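Following: one structure in structure tokens, then a few remarks.
The values are calculated or read from the model by the stated rules, or taken from the named source; none is laboratory data. Model, not experiment: these values are computed from the prediction. Cβ: placed from backbone, ideal geometry, glycine included. Neighbour counts: every protein chain shown. Just the protein is used for accessible areas: all its heavy atoms, side chains included, with ligands, DNA and RNA removed. Shrake-Rupley method; radii C 1.70, N 1.55, O 1.52, S 1.80 Å.
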Amino acid sequence: MIVTSVTVRVPAKINLRLAVGPLRPDGYHGLVTVFHAVSLFDDVTVAPAETDGVTVSGEGAGLVPENGDNLALRAVRALREALAERAGATGAGEVADAPGGVGVAVTISKRIPVAGGMAGGSADAAAALVACNELWGTGLSQRELCEVAATVGSDVAFAVLGETAVGRGRGELLTPVRAPAGTTYHWVLALADGHLSTPRVFHALDRQRQGQKVADPELSAELIQALKEGDPVKLGAALTNDLQEPALALFPALRKTLDAGIEAGALGALVSGSGPTCFFLAASANDATTLANALSSAGVSRAVRPATGPAAGARVI
Ligand code: C5P
């Protein structure tokens, strides 16, 4: 059967913990983070084409490059290179014979906010990897796809994996965190009227820490215990993010957003990754609806979205 196109659905992430260590010589920061995939998805379709191209529609589409800089196209190129290397290593033909020899038309339908601290671009890259692996019939395992993903960006491997996972290194070294069967958390996402650049937020953190000795980042026993028990009250109390202070310094209005959610009874409230999206934990689906309504009427964000987690990683649909 000739496959004419493949569509992959991929989740956004929030960070339940983001502990940031000192700046490394390579310009990245060592991290210990706990990624959690939530039910806010982009859909990415790939189809054979003469040359590579990308079109983007939906949430924030105007801010996403429709050229070779697009993370999804970078992921396509990274996969081609990885496949060519493998073909070379096994002597299985020339690079031109690699399954990715033809171009790919990528179509991205966005719901994940752009530059929102939810790894939307990384999600699109992960989806492109999973989609091309299917389109080309290359049969890489999830672990092999994660290895290619790590070369594209720090958060891309997690979007392939999904669910909940501890991230170390730049965030690309992943260890899944198992939850009791059937655990579902009810989140409310507050999408901000604005954007934050991830490198700027890391730089702001470095400036705030100037002259201080920065300890190596650590995992939190309280957070892991809460996740193992599937206890939303303990989870709400254990949420932390070292990038929250620098994000608030660059985007002071977020403080009102966080306060409004806590006032409305959220079990926990945090800036997601480098922001400016904020997320809130509710005890139940009903509480999440109440919280979402309260946040909407407080007028402290551009849009409010309920979401559940953990969500599956990038999947062919
Ligand atoms: O890996 P990615 O392209 O997503 O990272 C974007 C930027 O975020 C990096 O260039 C770096 O400035 C910053 N970053 C960092 N430490 C990390 C991850 C990202 O400083 N662990």
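The figures follow:
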| item | result |
| --- | --- |
| Long-range HN-HN contacts of V104 with modeled amide H, under 5 Å | A49, D52, G53 |
| Isotropically averaged projected area of the range 1-83, using the convex hull of Cα atoms (one quarter of hull area), nm² | 8.5 |
| For the range 241-252, 3J(HN,Hα) per residue [Karplus equation, 6.51 cos²θ - 1.76 cosθ + 1.60, θ = phi - 60°, Hz, x = Gly/Pro] | 8, 5, 8, 5, 4, x, 5, 5, 5, 7, 9, x |
| Global form of the chain, assessed from the alpha-carbon gyration tensor, a/c cut-off 1.5 | prolate |
| FRET efficiency for A303 and R143, using Cβ-Cβ distance with R0 set to 41 Å, rounded to 0.05 | 0.70 |
| Segments 62-70, 227-235, 114-122, 213-221 sorted - mean Cβ within 10 Å per residue, highest first | 114-122, 227-235, 62-70, 213-221 |
| Apportionment of accessible area to carbon and sulfur, the chain, percent (1.4 Å) | 51 |
| For the range 6-176, share of DSSP beta bridges that run antiparallel, in % to the nearest 5 | 85 |
| Dipole-positive endmost among A61, A311, T7 within the chain (Cβ charges, Cα centre) | A311 |
| Protection proxy ranking of 8-15, 189-196 - average other beta-carbon atoms within 10 Å, highest first | 8-15, 189-196 |
| Inter-part distance where the range 110-182 and the range 218-290 are each reduced to a Cα centre, Å | 22 |
| Size of charge dipole - the range 1-140 - debye, nearest 20, with Cβ of Lys, Arg +1 and Asp, Glu -1, no other charges | 560 |
| Nonlocal amide H pairs with I112, under 5 Å, H built at 1.01 Å | D42 |
| Computed over the range 6-176, Kirkwood Rh from alpha-carbon pairs, angstrom | 16.2 |
| Whichever lysines have a C-alpha closer than 24 Å to that of K256, once near sequence neighbours (fewer than 8 apart) are set aside | K13, K234 |
| In Hz, Karplus ³J(HN,Hα) per residue of the range 302-317 (6.51, -1.76, 1.60; θ = phi - 60°; x = Gly, Pro) | 6, 7, 10, 10, x, 7, 10, x, x, 10, 5, x, 4, 9, 5, 10 |
| Using θ = phi - 60° and Karplus 6.51 cos²θ - 1.76 cosθ + 1.60, couplings along the range 266-272 (whole Hz; Gly, Pro as x) | 4, 6, x, 8, 7, 6, 7 |
| Sorted peptide list for 47-54, 36-43, 78-85, criterion being average Cβ within 10 angstrom, highest first | 36-43, 78-85, 47-54 |
| Stretchable slack from E263 to R24, in nm (0.36 nm times residue separation minus alpha-carbon distance) | 82.2 nm |
| A303 long-range amide H proximity, modeled H, under 5 Å | L191 |
| Whole-number accessible area per residue in Å² for the chain, which is evaluated in the context of all protein chains at 1.4 Å | 44 |
| Furthest towards positive pole of dipole, A78, F158, V46, structure part the chain, Cβ charges | F158 |
